[in-house]
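These notes concern the structure reproduced below.
Taken together, the values in this text are just the output of simple stated rules run on the coordinates, not laboratory data. These figures come from a predicted structure and were not determined experimentally. Cβ sites come from the backbone with ideal geometry, for glycine too, and all protein chains shown count toward neighbours.
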Amino acid sequence: MKQIADKDRKELEAKLAHVFDEEIDELPSELRAILLDDMITAFENRLNVLNSLTLKTAL
């Protein structure tokens, strides 16, 4: 499975932090970082599944 490059992952993390700023503002910084990392990982896993399904249906 393809992994997101560290640079791209950091950019995505910054964008998610901006989008969800009000919702995660009250969380401690450690929990914020964990939540953002989990969201990126979940998104990445879903993309991998969808790409895998797309490849299988193309065959």
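With axes computed from alpha carbons, what is the tilt in degrees of helix 6-19 against the longest principal axis of the chain, rounded to the nearest 10 within 0 to 90?
60
Past the 19 angstrom mark, what percentage of all C-alpha to C-alpha distances in the chain do you count?
39
Name the residue farthest towards the positive end of the dipole of the chain from the options 34, 20, 52, assuming +1 on Cβ of Lys and Arg, -1 on Cβ of Asp and Glu, about the Cα centre.
52
Work out from phi, with θ = phi - 60° and the Karplus expression 6.51 cos²θ - 1.76 cosθ + 1.60, the ³J(HN,Hα) of each residue of the range 37-49, listed in order in whole Hz, and give x for Gly and Pro.
5, 4, 5, 5, 4, 4, 4, 4, 5, 5, 4, 4, 5
Using the Cα centre of the chain as the reference point, and only Cβ charges (+1 on K/R, -1 on D/E), how large is the resulting charge dipole? Debye, rounded to the nearest 20.
It works out to roughly 600 debye.
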